[in-house]
1. How many of the residues making up the range 33-52 are more than 23 Å from R283 (Cβ to Cβ), in contact (Cβ under 8 Å) with a residue 60 or more places away in the chain and more than 14 Å from the chain's Cα centre (by Cα)?
2. Being within 25 Å of D45 (Cα to Cα), in a helix (DSSP H, G or I) and small (G, A, S): is that true of S290 here?
3. Return the total of residues in the range 275-303 being crowded, with 16+ Cβ neighbours inside 10 Å and free of Cβ contacts under 8 Å to residues at least 24 places away in the same chain.
4. It is to be established whether one or more residues within the range 3-21 are more than 30 Å from R168 (Cβ to Cβ), part of a loop (DSSP other than H, G, I, E, B) and without any contact (Cβ under 8 Å) to a residue 24 or more places away in the chain.
5. Taking helices (runs of 4 or more DSSP H) that do not extend beyond the range 147-228, which have at least 1 residues that are over 15 Å from R131 (Cα atoms) and touching a helix residue (DSSP H, G or I) at 6+ places or on another chain (Cβ under 8 Å)?
6. In the range 42-80, which residue that is of a type in the set (A, V, I, L, M) and more than 21 Å from L13 (Cβ to Cβ) is surrounded by the fewest Cβ atoms within 10 Å (Cβ to Cβ)?
Amino acid sequence: MKADSERPERRELVELAGLLAPCHGYNPTALQGVRILRTEALLHDIPVLYKPGAVFVLQGRKQGLLEGEVYLYDEEHYLAVSVPVPFRMESVASAARPLLAVYVEFDMRLAAEIASEVSAGRSEPTAGRVRGLVSSRMEPSIEDVVLRLLRALRDPVELAVLGGSILRELHYRVLVGPQGGAMISALQQRGRSGRIVQSLARLRETYASQIAVAALASEAGMSVPSYHVHFKALTGSSPMQYVKAMRLHEARLMIARQDRTIAEVAASVGYASPAQFSRDFKRHFRRTASEEAKWVRRHLGELA
């Protein structure tokens, strides 16, 4: 039996990804929400915060660590993200064998529509504990749709005719995969976990404002202790740790773009004190803001 890397489909996936990602860092594609990462760097203990979607590593290896649990996403596994959660990541790559990965950010309206159709078409309700991250094996059906997506991205006519339907199918394949129950539960926002998912969506919109945990708990219909327990179970963080991580990751992107001063960035993400912002930033990323900006541009490119 051929090794996975020797299969024609796998070779074509890697070849297409390499052609579509000629530059170091994140490369844009003609489809909104789809980008391809090329990196030769060996990375360790890097803080990340992914938006809902999926990451397909076609060459190389990544793994995430959250609350002592390891989430592998490599040539045989992909990572599905149902809600944004801050975690630490490491990756394996080299100049001879760069890491190539396809990042697909979910169209949340499309994902919710598919989740509703999947649930309606099943005799029993789709059930699953809401989880922020799930690592799943790269099944042939998933590999096939990723391959067709990359082929379409190389052909403007094929992309115009089939791109939208292929992307819809990819959403569907992820949502009916092993992690589908957990992701559909997150999208349908039912029960206490669903109320936490709603709370996270609200935090995405208001993270730069003053945040009161008591108000968040009240909106979720929970006591403060209960809110803390359910919030940490889903995200691995306390509410205020989560807000801080969100602020710092947003600030990191602003700083990398070099269009604002550190003080302006600090204020725009909700910090009253630039000095406190600088302390928190260095504690989280283990580099100063200016050092991190250089690192982001060197390793992740303009689409970080």
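1. 2
2. yes
3. Number of matching residues: 2.
4. Checking the range 3-21: at least one residue is more than 30 Å from R168 (Cβ to Cβ), part of a loop (DSSP other than H, G, I, E, B) and without any contact (Cβ under 8 Å) to a residue 24 or more places away in the chain.
5. Output list reads 156-175, 191-206, 213-219.
6. Across the range 42-80, the extreme among qualifying residues is V70.
No lab work stands behind these numbers, since they all come straight from the coordinates. No experiment lies behind these values; they were computed from the predicted model shown. Cβ sites come from the backbone with ideal geometry, for glycine too, and all protein chains shown count toward neighbours.
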